[in-house]
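What follows is calculated from the coordinates using simple rules that are stated; it is not laboratory data. Keep in mind the model is a prediction, meaning the values are calculated, not measured. Backbone-built Cβ (ideal geometry, glycine too); neighbour counts: all protein chains shown.
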Amino acid sequence: MAGKLHLLAFCVGSVITGIPLVVDAQVPDISGVYRSGRANTPCGRDANMRSSPDCPVNELGLQMAATATAENDPGLECIADGLSRQFTRLPRPMEIIQTDDKVIFHYEYFDVWRVAHLDRDTAPPQTPHTLTGFSVGRWEGDTLVVDTSHLLENAHTIPTSDQTTTVERYRWNADRSFLLLDVEITDPAYYDAPFRLGTAEFVPNPDDYIAQFVCTKQTDLFYGDDINSFFDDN
Amino acid sequence: MTLKHLLPVTFTSLLVFSSTQAHHSAAAFFDLDATISVEGTITAAKLLNPHSYYRVTTYDGVDWAWESAGTWTALAKAGWSEEALPIGTRVLISGTPAHGDKPIARFTSIAAYGPTTDSNMMILVGLDVFGRGRPDWFERVRQLGVPCENGVADCTQVSKEARQTLQDEFGSIGVWSAFEP
């Protein structure tokens, strides 16, 4: 009975949204709005970054981390985080939209959209490198596995080169009260081996929604001559 | 009815903003081991993403920019608006100062006075956007007060007597102890 209701809910949702939703009854439903989890880095941050058994950062990675300063933080310029940094962000709203051939992640913070293509194994030729890269996904049992490549270089929080690939694994906990995310990062340029972030918990928050995120540059406040130029100009 | 009409004395504790990370690396901008308090008047508000700012002008004329760690989008969802802390509100604001000598800080609490002194005050507590929990006195405040009428989530209005109770039970660790009404 529960399965039939589940299927019915999917069909109704599909009629309303016009999006062909998942029909495979064996695939878990992870769609919905969540209070996103935070995957803690084992490396320390920026200038405090250190190599350890859990964080095999090499000298080049440490040098890259040292270039991350307050002045060049992309957020001040209203530029969204690189993917590795985004994993470590504090809990904020995120929505997962699940269809039969893709899983879409929409983060409220900086209005970031990501698509995990379930109908592809690799990125197309000439795929550009971007902040969130190109992602392909697959179901391994009850776990959604998302492989991402074609990322831009990032210096902040977790420095990563453009050779970086990430593997995300999403699955429900035992009582489906939250979604678990494990992330593994591989970057042959800045790390001597792959490493894992701390498991993040995404708590369903069906009363929330993803609001429009309009960003205003705030460099004038910190680096202008007078804080009042910020208050007067915006 | 505006907050001013409701609130002769307002205590605001935005605990969510005590977080150590926001859009930028907090440690890069702020001295997380230091605290600072400033008393003055709110003379401008920029309710923006990724951060919002209040300009607080001290009684001797110094302009400070006080940053919220949370996004404006998150605050707005919690019922925050320009009316929550109107221009002209007298405040005692506390938090973490920026590195360097610029008058910039990130606030962890705001105690706001209304235009008159009275036996009532409001405590706005714990938007808790970042899921780091609330202070141990949060539930006690909820027990002692009533929900505010300004639309801000988790806002509690408490009496002067309740403030004394908080002082007795928790000591000078809350915004209630920041100044004399």
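Kindly state, to the nearest 0.05, the FRET efficiency for A:Ile79 paired with A:Glu140, given R0 = 30 Å and r defined as their beta-carbon distance.
Here the calculated transfer efficiency is 0.35.
From other protein chains only, count the Cβ atoms within 10 Å of every residue's Cβ in A:92-98, then give the mean. Display every interim value, and only then the final one.
Numbers: counts 7, 5, 0, 0, 0, 0, 0.
Partner-chain Cβ atoms within 10 Å, mean over residues of A:92-98: 2.
Along the principal axes of its C-alpha atoms, what lengths does region A:45-195 span, in descending order and rounded to whole Å?
If we take the Cα atoms of region A:45-195, the spans are 42, 38, 34 Å.
For a quick protection proxy, order the peptides B:58-67, B:93-102 by their average other-Cβ count within 10 Å, most packed first.
Numbers: B:58-67: 15.9, B:93-102: 18.0.
Answer by packing, highest mean first, reads B:93-102, B:58-67.
What FRET efficiency, computed as 1/(1 + (r/R0)^6) with R0 = 56 Å and r the Cβ-Cβ distance, is obtained for A:Asp225 and B:Gln143, rounded to the nearest 0.05? Don't skip to the end; give the middle numbers.
Details: r = 49 Å, r/R0 = 0.87.
E(calc), rounded to 0.05, equals 0.70.
Note down the nm distance, to one decimal, between modelled labels 7 Å out along Cα→Cβ at A:Asn48 and at B:Thr41.
Result for the modelled spin labels: 4.0 nm.
Please list, by residue number, every one of the trypsin sites (Lys or Arg not before Pro) in region A:132-234 that is coil in DSSP and has at most 16 other beta-carbon atoms within 10 Å. List each step's numbers first, then the result.
Details: sites: A:Arg138, A:Arg169, A:Arg171, A:Arg176, A:Arg196, A:Lys217; in loops: A:Arg176, A:Lys217.
Passing both the DSSP loop test and the Cβ count: A:Arg176, A:Lys217.
Using only atoms on other chains, find how many Cβ atoms lie within 10 Å of each Cβ of peptide A:38-48 and report the average. Each step should come with its number before you reach the end.
Values: counts 4, 0, 0, 0, 0, 0, 0, 6, 3, 3, 2.
Counting other chains' Cβ atoms within 10 Å and averaging over A:38-48 gives 2.
Just counting partner chain Cβ atoms within 10 Å, what average do the residues of peptide A:154-160 show around their Cβ? Don't jump to the answer; show the numbers that get you there.
On the way: counts 0, 0, 3, 2, 0, 0, 0.
Per residue, the number of nearby Cβ atoms from other chains is 1 on average.
Among A:Gly61, A:Cys215, A:Val183, whose Cα projects farthest towards the positive end of the dipole of region A:24-233, with charges put on the beta-carbon of Lys, Arg (+1) and Asp, Glu (-1)?
Farthest towards the positive pole: A:Val183.
If the limit is 29 Å between Cα atoms, which of B:Lys77/B:Lys102; B:Lys46/B:Lys102; A:Lys217/B:Lys102 go over it? Walk me through the numbers on the way to the answer.
Numbers: B:Lys77/B:Lys102 31 Å; B:Lys46/B:Lys102 18 Å; A:Lys217/B:Lys102 18 Å.
Cα-Cα > 29 Å for B:Lys77/B:Lys102; rest within.
Report relative contact order for chain A in percent, whole number only (criteria: Cα-Cα under 8 Å, sequence separation at least 6). Write down the numbers at each step before the final one.
Working: 497 pairs, mean separation 53.1, N = 234.
The value is 23 percent.
Assign unit charges at the C-beta atoms only (+1 for Lys and Arg, -1 for Asp and Glu), then state the dipole size of region A:24-233 relative to its Cα centre in Debye, rounded to the nearest 20. Write out the running numbers ahead of the final one.
Values: 16 positive and 35 negative charges, 103 e Å.
For this selection, approximately 500 debye.
Mean separation of Cα pairs under 8 Å and 6+ residues apart, divided by the residue count of region A:118-234: what relative contact order is that in percent?
Values: 193 pairs, mean separation 16.4, N = 117.
Reported relative contact order: 14 percent.
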